Amino acid sequence: MKEIVVKFAAALILLLFNAEARSETVDVKYRGLVDLKTFECRDINRSSFIQRVCYDKPQSYMVISLKGTYYHYCELPPATFDAFMGAPSMGQFYNQNIKGTGQDGPYDCRTHRVPNYPAG
């Protein structure tokens, strides 16, 4: 029995070493596919509107899932991200401080630098 367990453990270790590391890619509206390997992502369960938030701090770039659709925001400072994550109402904070008006917004990627990410 002990020999079977050792062989199983060895096979499992080999499988893990040979497994290809893959990162998650999401389809962002108005942009296309974005590889999230450099992002810190958090699932949100305290909002009926916001489901997931992913942030790449060095690039000040946020990808957010709103009712299942991913959107992106450019040049969003870390302090704004931290305030958003700590807000009593994330939806209210998003609507008042992040969301655009249709023509432009404080972090609208049409008027702010969009970071490049290599294909994942």
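Within the range 37-65, can you find the residues that are surrounded by fewer than 18 Cβ atoms within 10 Å (Cβ to Cβ) and in contact (Cβ under 8 Å) with a residue 24 or more places away in the chain?
Lys37, Thr38, Arg42, Ile44, Arg46, Ser47, Ser48, Phe49, Lys57, Gln59, listed by residue number.
Would you say Ser60 is in contact with a helix residue (DSSP H, G or I) (Cβ under 9 Å, 6 or more places away or on another chain) and under 23 Å from Ser23 (Cα atoms)?
yes
Pairs needed: first member in the range 92-120, over 21 Å from Ser48 (Cα atoms); second member anywhere, open to solvent by less than 60 Å² (accessible area, probe 1.4 Å) and acidic (Asp, Glu); C-beta distance under 6 Å; at least 6 residues apart or different chains.
Tyr117/Asp35; Gly120/Asp35
Take the residues of the range 71-113 that are acidic (Asp, Glu) and out of contact with any strand residue (DSSP E or B) (no Cβ under 9 Å at 6 or more places or on another chain): which is least open to solvent (accessible area, probe 1.4 Å)?
Ranking the qualifying residues of the range 71-113, first place goes to Asp104.
The values are calculated or read from the model by the stated rules, or taken from the named source; none is laboratory data. These numbers were taken from a predicted model, which means no experiment stands behind them. Cβ coordinates were reconstructed from backbone atoms using ideal geometry, including for glycine residues, and neighbour counts include every protein chain displayed. Calculation scope for accessible area: heavy atoms of the full protein, side chains included, ligands and nucleic acids excluded. Shrake-Rupley method; radii C 1.70, N 1.55, O 1.52, S 1.80 Å.
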